[in-house]
Structure formats: structure tokens, C-alpha cells
1. Among the residues of region 48-78, which ones are of a type outside the set (A, V, I, L, M, F, W, C), under 30 Å from Gln142 (Cβ atoms) and within 21 Å of the chain's Cα centre (by Cα)?
2. Among the residues of region 199-229, how many are among the hydroxyl-bearing types (Ser, Thr, Tyr), part of a helix (DSSP H, G or I) and over 16 Å from Ser131 (Cα atoms)?
3. Just checking, how many residues over region 170-186 are touching a strand residue (DSSP E or B) at 6+ places or on another chain (Cβ under 9 Å) and either surrounded by fewer than 12 Cβ atoms within 10 Å (Cβ to Cβ) or of a type in the set (S, T, N, Q) (or both)?
4. Can you name the strands (runs of 3 or more DSSP E) wholly within region 59-129 that have at least 3 residues being over 22 Å from His152 (Cβ atoms) and at pLDDT 90 or above?
5. Quick one: in region 106-153, which of the residues that are charged (D, E, K, R) and without any contact (Cβ under 8 Å) to a residue 60 or more places away in the chain is nearest to Asp216 (Cα to Cα)?
6. With the condition kept exactly as written, say whether any residue in region 116-137 is aliphatic (A, V, I, L, M), buried (at least 20 other Cβ atoms within 10 Å of the Cβ) and under 26 Å from Leu5 (Cβ atoms).
7. Where residues in region 182-236 are at pLDDT 85 or above and of a type in the set (S, T, N, Q), which of them is farthest from the chain's Cα centre (by Cα)?
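The values are calculated or read from the model by the stated rules, or taken from the named source; none is laboratory data. Owing to the predicted nature of the structure, the values given are computational and were not obtained by experimental measurement. Here the Cβ positions follow ideal geometry from the backbone for every residue, glycine too, while neighbour counts run over all protein chains shown.
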Amino acid sequence: MSTVLDNRAQVADVFTGSLAYLDPIFELFTLPFEVQSVDESRRLACLADPVYRNALSRAGLYLLFISPWPPTGLWSRQPIATAADMTSLRIRTYYVASATVLSGFGVRAAALSVQDVRPLLRTCTLDGVLSSGDGAVGKSLQADLPNFAAIHYAFPVSFVVMSQARYEAPPEHLRHALDKAGAVVQQEQWAVLPARIERNYAEMRRAGVAVNTSIDDTLRERLHEVGQARLRLDDWVSRVPPDESDIVTRFRVQEGHRRRTHVH
């Protein structure tokens, strides 16, 4: 973010969780097991978009578009089929809160940068990595971690931003064209995300990774229970202003209704 504000970069892609120190609204897409599908992730992003823009503006940033990522899964040396399989594992997470959640299984979890992971895998200091497996990061894990459990811990997003001052410098018609292009890119990214997820899984399997997309119901329920106990959305809502908590409250009501309708 600082590279954009001090003009070392014109545009940057920023993971939302890394901005939590600015406003707890940026933790929303890192909360465990609240979003259960691509469609839900997109609807939540639409609800949160105005608040995101306001919060970024206060930090001197302009949101060009939201960039969705595949859901976070668990890479491991051995298959993960039950909660007991996770006990005592040493797992890398991408965010401090996710380390807190996984510790509820007896996991020794630590939030580490991607750059720190590879050396630890080579020395067998890590047993697993919490990651979507997207792109080059996924390819770097395949040799050491031949199992992937699609636990859908979260559906993370990042922001593509530029400085507010740089955005406001061109004339209005150019700003309008930039906003239009950003909206098109965002829409296309959501549209291709399901195919991107399936393509990742196919590439994993071709590389010899055992991909488990049918998590046992007992394990899935246990994951949700631990996630709620360790990092409840209700607790998070209490830390945000009323206009922001209203967004997530409406999301839970809407998605709860959709899920009940789908079941029945």
C-alpha cells in the first residue's frame, strides 16, 4: 500500500486482511467458514463495496476493482479425513486469526509469509499449509504436500488500488473510462472464478496431488464449530461501526434464507 501512496507504484494488488489495522471491515473475507460458495462471496462483496471504498478513501486509496480468489484449502503431507488427523500438525497460515482458529484442533499454527514456507517444507519443519493453491504458490507446494483438502476456510479477496490523488488528477471523462474498465474486469473475474477453481484442481491432480473436494460431514461440522468458537462473526460485528455491521447482518439474513430455501 505504501508503494502506491508514495508513488513508487501506480497500481497495487492488496490482500484485504493485511489492511485490518486500518478498519476491521477488511477482516470480513478472512472470517472462517462464513462464505460457502462463489455466489455468496460475490454477493457479500457487492454489499461491502461502498464501505470498502470509503475506508480505502480515508487511507488515501482509490478502489479500482475487487479481485476474488479461489477458496482456501489445506495442503498436507498426509490425507486429512477427520479432525483427529489435524492434531499436532505444524501448519502455515496466511493470517494471524486463521492460526488462532486452527489451534483449536491442537494444531501448531503460525502466520508466515509465502517466502518463508518453502525452506520449512524442505526441512520437514511444516506438515501443512493453509492456501488456495492458486497459481505459482500452488505449484510450489505440490512436491512436498501431495494432499489437498477443499475445506473452504474462506473465500478471500484482494483490492486493486491506486492513490486517490492519482485517480483524481485526470479529467472526468478519463476517470469515468477507468471506472468502467474496472467494473468490467471485476465482473469477468467473478464469472471465471468457478472455472479457475476447477482448473486448479485439475492441474493439482495431474501433478499427483490427491484433491479431496468431498469433505466428510463430521469434519466439516467440526471445522465450523471450531471456527465459530475461536473467531465468531458476532464478536467481529461488535467492533465495527453500525453502518458496517448492518452490511454483514443483512448478508447473514439473506444467505440464511437462501440456504434454507435450497435445502427445502
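1. So in region 48-78, the residues of a type outside the set (A, V, I, L, M, F, W, C) come out as 49-50, 52-54, 57-58, 60, 62, 67-68, 70-73, 76-78.
So of that shortlist, the ones also under 30 Å from Gln142 (Cβ atoms) come out as 67-68, 70-73, 76-78.
Residues satisfying the conditions are Ser67, Pro68, Pro70, Pro71, Thr72, Gly73, Ser76.
2. 1
3. So the count comes out to 2.
4. 61-68
5. For region 106-153, the residue satisfying everything is Asp127.
6. Filtering region 116-137 down to residues aliphatic (A, V, I, L, M) leaves 117, 120-121, 126, 129-130, 136-137.
Imposing the further condition that a residue be buried (at least 20 other Cβ atoms within 10 Å of the Cβ) reduces the set to 117, 121, 126, 129-130.
Now restrict to residues that are under 26 Å from Leu5 (Cβ atoms): none.
No, because not a single residue in region 116-137 is aliphatic (A, V, I, L, M), buried (at least 20 other Cβ atoms within 10 Å of the Cβ) and under 26 Å from Leu5 (Cβ atoms).
7. My answer is Thr218.
Residue-by-condition table, conditions (1) in contact (Cβ under 8 Å) with a residue 12 or more places away in the chain; (2) surrounded by fewer than 18 Cβ atoms within 10 Å (Cβ to Cβ):
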| site | (1), (2) |
| --- | --- |
| Ser2 | no, yes |
| Asp13 | yes, yes |
| Asp23 | yes, no |
| Leu28 | yes, no |
| Leu31 | yes, no |
| Val35 | yes, no |
| Ala45 | yes, no |
| Arg58 | yes, yes |
